[in-house]
């Protein structure tokens with residue numbers, strides 16, 4: 001009888017391990033779907049730029065901030081470089097007047 005109990009516990013442990021693997025696989029797949037969806041959404045908006053920009057690998061391509069800046073420019077309709085220069089000028093003026 002003891003051998004049958006051990007088999008039952010081994011079976012339950014194996015089922016638990018299989019369930020854990022399935023959950024992990026579903027999480028990875030969900031993350032991949034979200035990454036592809038967001039990449040498509042970004043590319044849809046970046047097509048409007050002249051010249052258009054295409055994101056191929058989301059996590060690599062956004063690291064330097066240029067893609068995000070371009071996306072913000074398309075979404076807001078403003079040139080961010082000019083806006084950033086204005087902010088820098090204001091910051092420098094304020095720093096100068098406080099020193």
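The values are calculated or read from the model by the stated rules, or taken from the named source; none is laboratory data. Here the structure is a predicted model, which means the values were calculated and not measured. Cβ sites come from the backbone with ideal geometry, for glycine too, and all protein chains shown count toward neighbours.
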Filter the stretch 29-59 down to the residues that are part of a helix (DSSP H, G or I) and modelled with pLDDT under 95, then identify the one that is nearest to residue 77 (Cα to Cα).
58
Going through the stretch 67-89 in order, the residues found to be exposed (fewer than 11 other Cβ atoms within 10 Å of the Cβ) and at pLDDT 85 or above are 75, 76, 77
When the residues of the stretch 8-56 are filtered to those that are more than 15 Å from residue 67 (Cα to Cα) and surrounded by 11 or more Cβ atoms within 10 Å (Cβ to Cβ), which remaining residue is nearest to the chain's Cα centre (by Cα)?
35
I'd like the full set of residues that are more than 18 Å from residue 45 (Cβ to Cβ) and part of a helix (DSSP H, G or I), limited to the stretch 60-80.
60
